[in-house]
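Contents: one structure, followed by commentary.
The values are calculated or read from the model by the stated rules, or taken from the named source; none is laboratory data. Keep in mind the model is a prediction, meaning the values are calculated, not measured. Cβ placement follows ideal geometry from the backbone for every residue including glycine, while neighbour counts extend to all protein chains displayed. Please note that ligands, DNA and RNA were not included when accessible areas were found on the heavy atoms of the full protein model with its side chains. Shrake-Rupley method; radii C 1.70, N 1.55, O 1.52, S 1.80 Å.
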Amino acid sequence: MIEKVTSLKGEIQIPGDKSISHRGIMLGSIAEGITELNGFLDGADCRSTISCFQKLGIAIQKEADHVVIHGKGLHGLTAPTEVLDTGNSGTTTRIISGILCAQNFTSHINGDASIQKRPMKRIIRPLQDMGACIYSDLGNDCAPITIKGTALHPIHYSSPVASAQVKSAILLAGLFTEGETSVTEPILSRNHTELMINGFGGEVTSIGTCATIKGLTDLHGQKIAIPGDISSAAYFIVAGLLCKNAELLIKNVNTNPTRAGILKVVKRMGGNMKLLNERIISGEPVADILVQTSNLHGITIDKELIPSLIDEVPVIAVLASQAEGQTVIKDAAELKVKESNRIDTVCENLCAMGCHITPTEDGMIIEGNQTLHGTRIQTHLDHRIAMAFAIAGLIAEGETTFDHPECIEISYPTFFETIEKIQNK
Ligand code: S3P
């Protein structure tokens, strides 16, 4: 249960970046030798990735946020004897498919009820173009998926969506293929795969929105410090801006520009926010973020920014409900195919809290200066909905409760404990 706070103060350490944690396991598994990850996100999604690679014959030890992977090189994975269970993780499902298409064995992939509804044609099509034998078992372009590994050929793929999962699946399939494979996106999506492959000694070149990988380049185990996840920091950035008497220092946050759209939004809305101690760690930009109670104004968020803040839209909608004037979020139809249909689930819950909000085909229109009222949040088992509305609960009148608060386990298991530490009621 969450209640309105009178102040919010403190210093927060954010758990490791989810996208980088997944990629660390995947690249560590197909690299030669030992990879060590510090600051690994110990959430359910990343544990799904570990368990899949263990089933593919890779020894992986995890103790809290420290992970050691005994990589076996590009050709070291072995046939799984069980279905690879990707749980709730779209990232695991899509990116691992790119790797599995090029193996000399058959794999079966499946996940939870949400995964079984999420679109997989976006990876199946281009991987089939590369010669892959990958299909949806039920013929509905969703998981369960069967992959009969085979030799692939390179392609130049022009992706209709800005999706790092699609891009990463193709680049990783390309890694197992002689020649150059490239992906061009409408807008650049998060580039952790490209940065990390190069950090492991691979060869990816990026020009504008086109990434090209040179195939059959050996990767070498690395020691990687994973920074805090800006998608998790986003909840506390918004809390610090919205709550009365708030000052939060959010430490060690990944500020990679392909992820940091929320920082641009906060600046444009007039938020009191400073980036301190900016540095580069394991090839990724990192900063500490200081936020304070702010007066904000509504803005329009569209195409250019959407890929760099797609996971933050639920909490940005909460932020917008407190700004002066209207905020319009558009060009964000991708929200419909996340862990829940986030256009619907954000609008349903903000409306239930008393906010005027209108869903649109590709986003939403949020009226500002709204008084929110505590209610029972329908999470739809979507971690980002639960956390965004917990932040709304900190400024709402009355009590805010959740049908499934445990769904935060996916990306931020210590979320409610962190709120406990910084709040004054
Ligand atoms: C992710 C990419 C994004 C994002 C997801 C994580 C990744 O999805 O929404 O939470 O780690 O590659 P899309 O690739 O579908 O845009």
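Brief remarks on what is shown
- Per-residue HN-Hα couplings for segment 113-130 [Karplus 6.51, -1.76, 1.60; θ = phi - 60°; Hz; x = Gly/Pro]: 4, 5, 4, 6, 10, 7, x, 10, 4, 4, 9, 4, 4, x, 5, 4, 4, 7
- For a paramagnetic label modelled on ASN38 (point 7 Å from Cα along Cα→Cβ), amide N atoms under 12 Å away belong, within segment 61-84, to 66-67.
- Selected from ILE250, ILE365, ILE262 as most flexible by GNM, with the chain as the system and alpha-carbon contacts under 10 Å: ILE365
- Counting only protein heavy atoms and a 1.4 Å probe, segment 333-381 has 43 square angstrom of accessible area per residue.
- Qualifying GluC sites (Glu not before Pro) in segment 179-275, DSSP loop, other Cβ atoms within 10 Å at most 11: none
- Other residues whose C-beta falls under 13 angstrom from the C-beta of GLU348 contribute a net charge of -1, scoring Lys and Arg +1 and Asp and Glu -1.
- Here the calculated FRET efficiency for ALA151 and LYS267, from their Cβ-Cβ distance with R0 = 51 Å, stands at 0.55, rounded to the nearest 0.05.
- Accessible surface for LYS4 stands near 80 Å², nearest 10, in the context of the full protein assembly shown (1.4 Å probe).
- Top positive-direction residue, dipole computed over segment 18-215 with Cβ charges, set GLN54, HIS153, ILE134: ILE134
- Looking at segment 18-215, the accessible area is 34 square angstrom per residue; that uses a 1.4 Å probe and ignores ligands, DNA and RNA.
- For segment 238-249, 3J(HN,Hα) computed residue by residue from phi via the Karplus equation (6.51, -1.76, 1.60; θ = phi - 60°) reads 5, 4, x, 6, 8, 6, 5, 6, 10, 8, 10, 10 Hz, glycine and proline entered as x.
- Cα centroid separation - segment 45-121 against segment 388-419, whole Å: 29
- The portion of the accessible surface of the chain made up by carbon and sulfur, rounded to a whole percent, is 50 (1.4 Å probe; DNA, RNA and ligands excluded).
- Zone residues, segment 292-335, relative to THR360, backbone N less than 11 Å from point 7 Å out along Cα-to-Cβ: 300-303, 327-333
- The heavy atoms of ARG23 offer some 10 square angstrom of accessible surface to a 1.4 angstrom probe.
- Lys, Arg +1 and Asp, Glu -1 on Cβ, resulting dipole of the chain about Cα centre, debye, nearest 20: 360
- Inter-centroid distance (Cα atoms) of segment 177-240 relative to segment 294-353, Å: 25
- Max mean-square fluctuation residue, GNM over the chain, Cα-Cα springs under 10 Å, options PRO285, PRO126, PRO154: PRO285
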